[in-house]
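The structure under discussion appears below in the form of structure tokens.
Just so it is clear, none of the values below were taken in a lab; they were calculated from the coordinates. Since the model is a prediction, treat every value here as computed from it, not as a measurement. When we count neighbours, we look across all protein chains shown, and the Cβ atoms used for this are built from the backbone with ideal geometry, even at glycine.
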Amino acid sequence: MQHVVVAECRDGKLRRVSLEAIAAARQCMADGDTLAVLLLAGGAEDAAEATHLACRGPDEVIVIDHPILARYTPEAFAAALLAAAEALPMAPSAWWLGHTAIGRDLAPRLAARLGAGQVSDAIGVATGADGRVRFTRALHAGKALEQRALLPGDPWVVTVRPNNFPPAAERAGPAAPIRSAAFNPPPPIVRVRDVVRRVSTAVDLTEARVIVAGGRGVKHADGFAPLAKLASLLGGAVGASRGACDAGYCDYALQIGQTGKTVTPDLYIACGISGAVQHLAGMSRSRVIVAINKDPDAPIFSVADYGIVGDLFEIVPLLINELISTP
């Protein structure tokens, strides 16, 4: 059985979820299965990331480098995936992508083209005694788990949620061979002339290991300044509830919740967030949740591992000073 992981770069850097997808694929591979990693590159900076993939355990790395792939367009990326499939000695039976903006759009297109089954937003994978591969998905704000089973012989396409699988580690021994595949892009239906980012952060929110999020309790846009400083000290990212976004305190790109992003960081610090069910839908599976709120009856405390009842403008600076003073 041939597995293919579609690796994704952002600003010339390999996204962590691509390494997590390799680890997820490895978990259900049987003896005799092979794993290829496909890197779609839009230039030399992206293509150079193939060397990092080659030492993570694949049998080979295939690079398709073309200027049209520098910015995502569904027609070009889908055509590149099919071109890569033709370059493999065996038709792929399993495709793995990160559950990112690109992965969410590309996976169903690929599944439709191949007549394959599709599972989105997988948080777990295992192979049963009957040989079926079972994928676990979270439903109803994480209150229920769904399992979907697929037969190994049937083609399928899966997207994996960031931060739910350990990234594939570097392996000893020789690196996997890297080769290029030919690609003749289709005539463009859509041309992307420019990409405007409304929020610029060093750490992608969906892949952040630490998130400091603010709600209406920050009171104004300037209230996010101490949260941003705390997140920076922790090497994390800043998020927000919909209430904070609706109030104009921050951009909707930071929104976490049912109508925003779903995140699974190692540490989630909720500052001035009441804990409405819509917000919990996007962060309740965080590994450790710390809540800071003046209201001792705030719903956020029901899901928090640690709760601090108090004013975030007093507590957050204390945390910042503690981190700065700790050697």
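Of note:
- Over all pairs of different C-alpha atoms in segment 1-118, the reciprocal of the mean inverse distance, the Kirkwood hydrodynamic radius, equals 14.1 Å.
- Overall Cα dimensions of the chain, principal axis frame, Å, largest first: 62, 48, 42
- Around the amide H of residue 125, modelled in the peptide plane, lie the amide H atoms of 136, all under 5 Å away and 5 or more residues distant in sequence or on another chain.
- Reducing segment 1-56 and segment 266-318 to their Cα centroids gives an inter-centroid distance of 35 Å.
- Dipole check for segment 205-325: with +1 at the C-beta of Lys and Arg, -1 at the C-beta of Asp and Glu, and the Cα centre as origin, the magnitude is about 240 Debye.
- Within segment 2-180, DSSP assigns beta bridges of which about 30% are antiparallel (rounded to the nearest 5).
- Taking trypsin sites (Lys or Arg not before Pro) across segment 163-230, the ones in a DSSP loop with at most 12 further Cβ atoms lying within 10 angstrom of their Cβ are 191, 193, 197, 198.
- Beyond 26 Å, the tail of the calculated P(r) for segment 205-325 holds 6 percent of the Cα pairs.
- Given +1 at the Cβ of Lys and Arg, -1 at the Cβ of Asp and Glu and no other charges, the dipole of the chain around its Cα centre is 420 debye to the nearest 20.
- Sum of side-chain charges, residue 188 neighbourhood, beta-carbon under 14 Å (Lys, Arg +1; Asp, Glu -1): +2
- Sequence ranges 308-317, 117-126, 265-274, ranked by mean other-Cβ count within 10 angstrom, highest first: 265-274, 117-126, 308-317
- Derived scalar couplings between HN and Hα for segment 207-219 equal 10, 5, 7, 10, 10, 10, 10, x, x, 4, x, 6, 6 Hz in order, rounded to whole Hz, by the Karplus curve 6.51 cos²θ - 1.76 cosθ + 1.60 (θ = phi - 60°), x for Gly and Pro.
- Each residue of segment 226-234 was assigned a 3J(HN,Hα) from its phi angle through the Karplus expression (A = 6.51, B = -1.76, C = 1.60, θ = phi - 60°), giving x, 5, 5, 5, 5, 4, 5, 5, 8 Hz with x at Gly and Pro.
- Our helix-only sum for the chain, with -39,500 (n - 2.57) per DSSP H run of n ≥ 4 divided by its residues, gives a mean residue ellipticity at 222 nm of -7500 deg cm²/dmol.
- Karplus-derived 3J(HN,Hα) values for segment 287-297, using 6.51 cos²θ - 1.76 cosθ + 1.60 with θ = phi - 60°, are 5, 10, 10, 10, 10, 10, 7, 6, 8, x, 9 Hz; glycine and proline are entered as x.
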